[in-house]
Structure formats: structure tokens, C-alpha cells
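Student: Quick one: structure below, then a few questions.
The values are calculated or read from the model by the stated rules, or taken from the named source; none is laboratory data. Keep in mind that what you see is a predicted model, and the values were worked out from it rather than measured. For neighbour counting, all protein chains shown are included, and Cβ atoms are generated from backbone atoms with ideal geometry for every residue, glycine included. We work out accessible area using only protein heavy atoms, side chains counted, and drop any ligands, DNA or RNA first. Shrake-Rupley method; radii C 1.70, N 1.55, O 1.52, S 1.80 Å.
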Amino acid sequence: MNRALGISHWRLSRKLAVVLAVPFLAALALGALRVSTQLDEARRFGSLSDQMAAIPALFVFSNDVVSASTAKSLGMPVLVAPEHFEKATAEVDRLATADILEPRVADGLARLLVDGRTLYGTDPQGDMSADELANRMVDFLIRCEGIFRALLDLTENGDVLTAGTNLLSAWNAQRTMLDQANALGLFARDPETARLTALNAMNIEESTLGLLRGTTLDEGQLDGMMENLAVRRSLLTDPAPSRDFGQELADVMLAAFPPYQDMNSEATAQITATLDRLT
């Protein structure tokens, strides 16, 4: 064996070069691994951000469907413009067919799209009974919530999950508005049952809204929403309602929708902003 190859016969400069090279190469390898890991994380968060885009799209679409159904249940004209509904429909359709969502989510969106279009265009006086419309709306909303939860389950980020929890609380509170509208449709047949059913839905709405106190969605609008709820409750519990009772109640109920839509928009914006920051 050549003695010159033995480490003990190396010059000091050579030994120092090797000693310094080992940690440098190790650091270089670890740095490359870290960069690769961070790139993978960035791609994952980018993919999550793309998929989470389905949440605001479905909110706008479902809100249009619910608003239209509620107005019909109250015997009032639909205030959602057809062009607004078509734009919301097109966005959900784009996401359902863009190959960026998990297959079960994309399939769920596609089915909701069909049902939502049907419900938006349904005339409760002709196409189907008010009871059938109410039952189909409840099923539609339950499946919407299922899609929201499936999308939120894709992430473990605490900020996103917190915003998602707040979003679902606002969503569930708003859902009771449809229950109230359906109950009021019973007034002509059974006023006492209609009154009790609507008041029970209002109690659920109030307790669900209470969950949002102190959250990032509590920006002052909750007080106004609670006041609107108090007016609805007082109209229902008035022992001698005015002749314009029905119109007054319908107006107050329809006025309750915009704050919910603003709250839902804020929650989805928080989710999107968090994922963009992480990416």
C-alpha cells in the first residue's frame, strides 16, 4: 500500500481542506433537501388554494339558490338577477370540470349544479308543491355543507380551519332563514304551528350566531343581525299583528340576507389570504 495515500502522511493544508469540506457538503445537501421540501410545500399549498376556490364559488351559487327559494316561499319576487345567477353557475361549472378538485368533490359540485338550477327556476305554485320544494332545498343545503367540509378537511392549517369553522357557523345560521320562510308558508293552514316552527328556527339562528362573537368575523355587523332577528321575533309574538304583518315580516327577512353574504365573503377571503401567504 502506498504510504502517501494514508491520512497520516497528508499535508496539513490537505487535512484542513477535507475537514472543512465535510460540513460544507453536508450543509449543502441539507440545504438542497430543505429547498426541495419547501418547494413541495409551496406546490401543496398552491394546489389547496386552487381547490379552496370552490368554497366562495359554491357560496355565491348556493346563496342565489337560497335567496330565490326563500323569496318564492314568502310569495315575493326573486331579487337575484338571472345574469348574476348565470355567472355564479358558470364559475361552479368551470371548477367542477377543470380537473383541479378531488373526483368526489367535483362530482358533488356537478350534482349540486343540476339541482341548484332546477330549484332556482322552480315555481312553487306550479312545478312542484311548496313542501317538496322545501324538502329539496334542505337536501341541497346539506350536500352543500358536505362539500364545504370535504374541502376544509384537505388542510391542517389552524388559521384555515378556524376561518372554516366560522364560515360554517355563519352558513348554518343562514340556513335557518329558509326554515323560517318555509314555516311562514304554513300560516294560512295552521298559524300556531307556523309561528312555533318559525320561532324555533329563530332561536337556533340566534344561538348559532352567538358562536361568532369575538371571532375574526365579528366586525360589528353581528349587532345589526341580532337586531333584525329581534324584529322578526317581535312580529311573530305580537298578539295583535297589523294588517301588513306578512309584508313587514317578509321585508325584514329579506333584509337579513346581505349581512350573511358579507360575512361569508369575509370568511372565504380569510381562507384564501392564508393559503396565498403560506404558498
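Student: Helices (runs of 4 or more DSSP H) wholly in region 6-106 with at least 3 residues that are modelled with pLDDT under 90 and over 23 Å from residue 123 (Cβ atoms) - which ones?
Tutor: Result: 12-52, 54-73.
Student: Something else now. Does residue 155 qualify as being among the hydroxyl-bearing types (Ser, Thr, Tyr) and either closer than 22 Å to residue 80 by Cα or open to solvent by 60 Å² or more (accessible area, probe 1.4 Å) (or both)?
Tutor: For residue 155, the condition - among the hydroxyl-bearing types (Ser, Thr, Tyr) and either closer than 22 Å to residue 80 by Cα or open to solvent by 60 Å² or more (accessible area, probe 1.4 Å) (or both) - is not met.
Student: Tell me the residue from 107, 99, 123, 159 that is touching a helix residue (DSSP H, G or I) at 6+ places or on another chain (Cβ under 7 Å) and more than 18 Å from residue 261 (Cα to Cα), please.
Tutor: 159
Student: Take the residues of region 107-130 that are in contact with a Gly (Cβ under 9 Å, 6 or more places away or on another chain) and not in a loop (DSSP other than H, G, I, E, B): which is farthest from residue 68 (Cα to Cα)?
Tutor: Looking at the filtered set, the residue picked out is 108.
Student: Something else now. Mind checking which pairs have a first residue in region 226-255 that is at pLDDT 90 or above and in a helix (DSSP H, G or I) and a second that is open to solvent by 60 Å² or more (accessible area, probe 1.4 Å) and of a type in the set (Val, Ile, Thr), Cβ under 7 Å, 6 or more apart or different chains?
Tutor: Matching pairs, first to second residue: 252/231.
Student: Additional query: Tally up the residues in region 266-277 that are in contact (Cβ under 8 Å) with a residue 60 or more places away in the chain and surrounded by 15 or more Cβ atoms within 10 Å (Cβ to Cβ), please.
Tutor: Summing the residues that are in contact (Cβ under 8 Å) with a residue 60 or more places away in the chain and surrounded by 15 or more Cβ atoms within 10 Å (Cβ to Cβ) in region 266-277 gives 7.
Student: Can you work out which of the residues in region 178-219 that are assigned to a helix (DSSP H, G or I) and within 18 Å of residue 164 (Cβ to Cβ) is least open to solvent (accessible area, probe 1.4 Å)?
Tutor: Top of the filtered list is 209.
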